[in-house]
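Comments concern the structure below.
The values are calculated or read from the model by the stated rules, or taken from the named source; none is laboratory data. Remember, it's a predicted structure, so these values are computed and weren't measured experimentally. Counting neighbours? That spans all protein chains shown, and the Cβs are built from the backbone with ideal geometry, glycine included. Each accessible area value is taken on the protein alone, full model and side chains, heavy atoms only, with ligands, DNA and RNA left out. Shrake-Rupley method; radii C 1.70, N 1.55, O 1.52, S 1.80 Å.
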Amino acid sequence: MAIASNLGFPRIGYQRQLKQITEKYWAGQVSAKELLNTGKALRAKNWQLQKVAGIEQIPSNDFSFYDHILDAAITFGVIPEHYLKIVSANSDLSNNMDLYFHLARGCANEKCPLHPGKTMPALEMTKWFDTNYHYIVPELKTNQEFKLYSQKPIHDFLEAKALGIHTRPVIIGPVSFLILAKLEDEKTDRFSLLPKLLPIYLELLNHLKNAGADWVQIDEPCLVLDLDSQANQSFETAYAYLSKCNLKLLLTTYFGSLGENFELAVSLPTAGLHMDLTGDTIDKATAAGISANTLIPNSWPKNKILSAGVVDGRNIWICDLGQTLEKLKYLARHYGGFNNLMVASSCSLLHTPLDLEDEKQLDPQIVSWLAFAKQKLKEITLLTKAINELPSSIEKELNINKNAISDHRSSSRVHNPQLKDRLTKLSPESFRRKSPFVERKAAQQKLLHLPLLPTTTIGSFPQTKEIRKVRANFKSGKISEEAYIADMQHEINHAIAVQDEIGLDVLVHGEPERNDMVEYFAEFLDGYAFSEQGWVQSYGSRCVKPPIIFGDIVRKEPMTVRWSVYAQNQANKLTNKKPVKGMLTGPVTMLQWSFVRNDQPRSQTCQQLAWAIREEVTDLEKNGINIIQIDEPAIREGLPLKRAQWPQYLEWAVECFRLASSSVKDETQIHTHMCYSEFNDIIESVALLDADVVSIEAARSKLDLLAAFVKFEYPNDIGPGVYDIHSPRVPPESEMIELLQKALTLIDAKQLWINPDCGLKTRGWTEVTAALKVMVAAAKLLRADLKNKELASTH
């Protein structure tokens, strides 16, 4: 009999309880006990929900208060040395929440455990493969020692067991853990640490065995990447060693096909292998949708279980049950029959909203096309039932599903022939600026009169409870449009006044009217739908509600012109008139941070988004906005995991940005912003965007990310973030000056802008004002220093 299986479940709970209790804990409003009890209740509810849905292999240890990779780092004792000073040598860190959150978020002056009155930075954070989830990056020393510092995986298993639910514990695999970590010294061979790490893994597995576990899900997502021979050897070494445990290991891969690593994954001595068999990971050449030359091994081990990830864990469209049943039959023929088969989600359902039943206002037709996490569990169990019994056992469900699939593909709401015709006729001039950067910069400086080392912010300012309440009241009809506009203008006035007082050179309006940097724009576009409770975790307590692209994209009306023009008019009243940036979200980010339609190429949808943004850029310029920022924080995360697929993606991603940004005159300055990314591999494409100014998140890496721009001799202007906005701490002036001095040794002062790492919407006004004052003071000191050096050199 095939087995219904799931790899992971959303952590945040209905109504985002985890976010709320965590932020109350950070604010000192609830105790650690209350926080832990809420987590325990959420875990119990998740396990029970999956059991009721018919899932037979239910995961445990997939829950986290912040991030599962941070959990793993603490479990295996990968804790920075300065934090280890506050840890007892024999303590169990499973519930040490202060240490946990200090590592994740840093700590502010009054809470610093080692140096009261000072601050301590957080660990670095970066994107989880090509998703919008962020993970905390473990820091490995050259002489790293490992120790089982946390019993969390064991505690969670026993917790479920006490509820009468037998779970499959989930842990990150040792090779992926090492690949995903950051090395203190980049010259260190990360795989040289494997012999020290493996005994700790074996110790953990033995504890789980003694607790009663029979299966353990061991995630090795790095198996879908391009691997060198050393990595391959490390996988072989690791699993030969871990095979000593008397547990059945499910080697789990996701986010893509195994490709050239397929034979390696099959050969490893594990009881089962999970593969992502959805979306672009499947060659559509065969009727079953599976390519025999990549997915059929020379010989499948007789007793090895195939966990077939056939229900998409990353998107919200219903599974085509009929086609998927044919796929499962095909797999059974080549992988030892249904007795060797688990039916599963492609990856953890962490990346999907919790329950479609919460959606009371979403269009019923669109609802019929969707499946959130709870509905995906039902799809898994329906498919398992159909292959264990007969497809006729779910005949009613099959017919409903078939009709919904057909309705989605043929709906007139989905297709706009006029738009598609227009985009096929674009000229080459639509994709490039009128003049090269050097000429544009001279024209922009003549108009803008910016100082050396200009200071600015990335766009958003604190989203206070009062702002959110006004937006909610307007949306629900409790206040009039006139009252709403007046309140938003009041917030803009405040933001402009604060920035002027601080002394920033290029201002922003603060974005009080925006609920989210993607959803806000999507509301002005045909082809989008919106959930009420479709939240997913981005990092820590930060949740996002991706809008749903179900059809062709058309801009209905101007999206930001009213607010940008109002802010510029307010700035014109200042003693020193200052420019205000128009703030837009770029087409690739709109695509990446939405749930994207699956009936046409992503490149085509992205081009439609680019055209809509181009129309907005043109309107902003016509209305006197001379600096326009088109944020693309997701352009690196959209990069395919297989290097062979990069050129095609980068070509259309760059074209879409250029289509969005190239309608303006030379005098109009185009900015873009990019989040935590490794830029070395895409720096040529970043240059091809031809933005006049690019700002990047770089503070947590101590400007290490700037190295790619230096090596490439990046020709345009750049603003490396000088302080981390994801942490509540206000960095000292000396820290910012140190970073800026480092930047000035790497790039010319005439290229350098000074800005925070990212937008400031999640921070409070007190810390924002304090940090920006420090930043501006640091800029002024450096300007004076550069001027003095210039004067000295002329004498």
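SER393 fulfils the conditions (1) over 30 Å from ALA687 (Cα atoms); (2) open to solvent by 50 Å² or more (accessible area, probe 1.4 Å) except for a single criterion, (2). Applying the set (1) under 21 Å from the mean Cα position of the chain (by Cα); (2) hydrophobic (A, V, I, L, M, F, W, C); (3) surrounded by fewer than 23 Cβ atoms within 10 Å (Cβ to Cβ) to ALA644 leaves exactly one unmet item: (1).
Evaluated against (1) modelled with pLDDT of 90 or more; (2) closer than 22 Å to VAL544 by Cβ, LYS304 falls short on exactly one condition, (2).
Of everything in segment 405-422, what is of a type outside the set (D, E, K, R), out of contact with any Phe, Trp or Tyr (no Cβ under 6 Å at 6 or more places or on another chain) and open to solvent by less than 80 Å² (accessible area, probe 1.4 Å)? Give them in sequence order.
Of the residues in segment 405-422, the ones of a type outside the set (D, E, K, R) are 405-406, 408, 410-412, 414-419.
Filter once more, keeping what is out of contact with any Phe, Trp or Tyr (no Cβ under 6 Å at 6 or more places or on another chain): 405-406, 410-412, 414-419.
Matches in segment 405-422: ILE405, SER406, SER411, VAL414, HIS415, ASN416, LEU419.
When you scan segment 566-588, do you find a residue that is touching a helix residue (DSSP H, G or I) at 6+ places or on another chain (Cβ under 9 Å), under 30 Å from ALA371 (Cβ atoms) and surrounded by fewer than 19 Cβ atoms within 10 Å (Cβ to Cβ), even just one? The answer is no, given that none of the residues of segment 566-588 is touching a helix residue (DSSP H, G or I) at 6+ places or on another chain (Cβ under 9 Å), under 30 Å from ALA371 (Cβ atoms) and surrounded by fewer than 19 Cβ atoms within 10 Å (Cβ to Cβ). In segment 233-254, of all residues being aromatic (Phe, Trp, Tyr) and surrounded by 22 or more Cβ atoms within 10 Å (Cβ to Cβ), the one that is farthest from PRO169 (Cα to Cα) corresponds to PHE235.
Taken together, the residues in segment 509-527 that are of a type outside the set (D, E, K, R), in contact with a helix residue (DSSP H, G or I) (Cβ under 7 Å, 6 or more places away or on another chain) and either in a loop (DSSP other than H, G, I, E, B) or more than 19 Å from ASN132 (Cα to Cα) (or both) amount to 6. Taking segment 326-337 as the range and being surrounded by fewer than 20 Cβ atoms within 10 Å (Cβ to Cβ) and in contact (Cβ under 8 Å) with a residue 24 or more places away in the chain as the test, the residues that pass are GLU326, LYS329, TYR330, ALA332, HIS334, GLY336.
Yes/no per residue for (1) under 18 Å from LEU49 (Cα atoms); (2) within 25 Å of the chain's Cα centre (by Cα); (3) at pLDDT below 95; (4) not basic (Lys, Arg):
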| position | (1), (2), (3), (4) |
| --- | --- |
| SER368 | no, no, no, yes |
| THR384 | yes, no, no, yes |
| LEU398 | no, no, no, yes |
| HIS408 | no, no, yes, yes |
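What number of residues in segment 374-427 are under 30 Å from GLN604 (Cα atoms) and part of a loop (DSSP other than H, G, I, E, B)?
First pass over segment 374-427, keeping only residues under 30 Å from GLN604 (Cα atoms): 375-376, 379, 400-427.
From what's left, part of a loop (DSSP other than H, G, I, E, B): 411-416, 425-427.
Residues that pass the stated criteria total 9.
Restricting ILE171, ILE154, ILE179, ILE165 to residues that are open to solvent by less than 30 Å² (accessible area, probe 1.4 Å), part of a helix (DSSP H, G or I) and either in contact (Cβ under 8 Å) with a residue 12 or more places away in the chain or more than 19 Å from TYR66 (Cα to Cα) (or both) narrows the list to ILE154. Among the residues of segment 763-795, those identified as within 16 Å of TYR723 (Cα to Cα) and either open to solvent by 20 Å² or more (accessible area, probe 1.4 Å) or assigned to a loop (DSSP other than H, G, I, E, B) (or both) are ARG763, GLY764, TRP765, THR766, GLU767, THR769, ALA770, LYS773, VAL774, ALA777.
Going residue by residue through segment 134-143, is there one that turns out to be outside any helix (DSSP H, G or I), at pLDDT 90 or above, touching a strand residue (DSSP E or B) at 6+ places or on another chain (Cβ under 9 Å) and over 23 Å from GLU697 (Cβ atoms)? I'd like the intermediate steps shown before the answer.
Residues of segment 134-143 that are outside any helix (DSSP H, G or I), as a first pass: 134-143.
If we keep only those that are at pLDDT 90 or above as well, we get 134-143.
Keeping just the survivors that are touching a strand residue (DSSP E or B) at 6+ places or on another chain (Cβ under 9 Å) gives 134-142.
From what's left, over 23 Å from GLU697 (Cβ atoms): 141-142.
Yes, the conditions are met somewhere in segment 134-143.
Counting only residues that are in contact (Cβ under 8 Å) with a residue 12 or more places away in the chain, open to solvent by 20 Å² or more (accessible area, probe 1.4 Å) and at negative phi, segment 201-214 holds 6 of them.
Suppose we keep only residues that are among the basic types (Lys, Arg) and touching a strand residue (DSSP E or B) at 6+ places or on another chain (Cβ under 8 Å) within segment 146-193. Which one would you say is nearest to GLY272 (Cα to Cα)?
Start the filter on segment 146-193 by keeping residues that are among the basic types (Lys, Arg), which leaves 147, 152, 161, 168, 182, 187, 190.
Within this subset, residues satisfying the condition of being touching a strand residue (DSSP E or B) at 6+ places or on another chain (Cβ under 8 Å) are 161, 168, 182, 190.
Details: LYS161: 23, ARG168: 13, LYS182: 29, ARG190: 27 Å.
The selected residue is ARG168.
Scanning segment 733-762 for residues that are under 30 Å from ASP516 (Cα atoms) and assigned to a loop (DSSP other than H, G, I, E, B) yields TRP753, PRO756, ASP757, CYS758, GLY759, LEU760, LYS761, THR762.
Has segment 671-691 got at least one residue that is of a type outside the set (Gly, Ala, Ser), farther than 27 Å from ALA610 by Cβ and at pLDDT below 85? Show your work before the answer.
We begin by selecting, within segment 671-691, every residue of a type outside the set (Gly, Ala, Ser); these are 671-676, 678-684, 686, 688-690.
With the extra rule that they be farther than 27 Å from ALA610 by Cβ, the set shrinks to none.
The answer is no; no qualifying residue exists.
Is it the case, given these coordinates, that LYS581 is assigned to a strand (DSSP E or B), more than 17 Å from GLY527 (Cβ to Cβ) and among the basic types (Lys, Arg)? So LYS581 passes the test. Within the set LEU591, LEU620, the sole residue that is within 23 Å of ASP500 (Cα to Cα), in contact with a helix residue (DSSP H, G or I) (Cβ under 8 Å, 6 or more places away or on another chain) and either free of Cβ contacts under 8 Å to residues at least 24 places away in the same chain or buried (at least 24 other Cβ atoms within 10 Å of the Cβ) (or both) turns out to be LEU620.
Considered as a group, the residues in segment 647-686 that are open to solvent by 10 Å² or more (accessible area, probe 1.4 Å) and aliphatic (A, V, I, L, M) include one that is nearest to GLN629 (Cα to Cα), and that residue is VAL654.
May I ask you to list the residues in segment 95-107 that are open to solvent by less than 20 Å² (accessible area, probe 1.4 Å) and either within 20 Å of LEU197 (Cα to Cα) or at pLDDT below 90 (or both)? Quick ask: steps written out before the conclusion?
Looking only at segment 95-107, we keep the residues that are open to solvent by less than 20 Å² (accessible area, probe 1.4 Å), and these are 97, 99-101, 103-104, 106-107.
Of everything in segment 95-107, those that are open to solvent by less than 20 Å² (accessible area, probe 1.4 Å) and either within 20 Å of LEU197 (Cα to Cα) or at pLDDT below 90 (or both) turn out to be LEU99, GLY106, CYS107.
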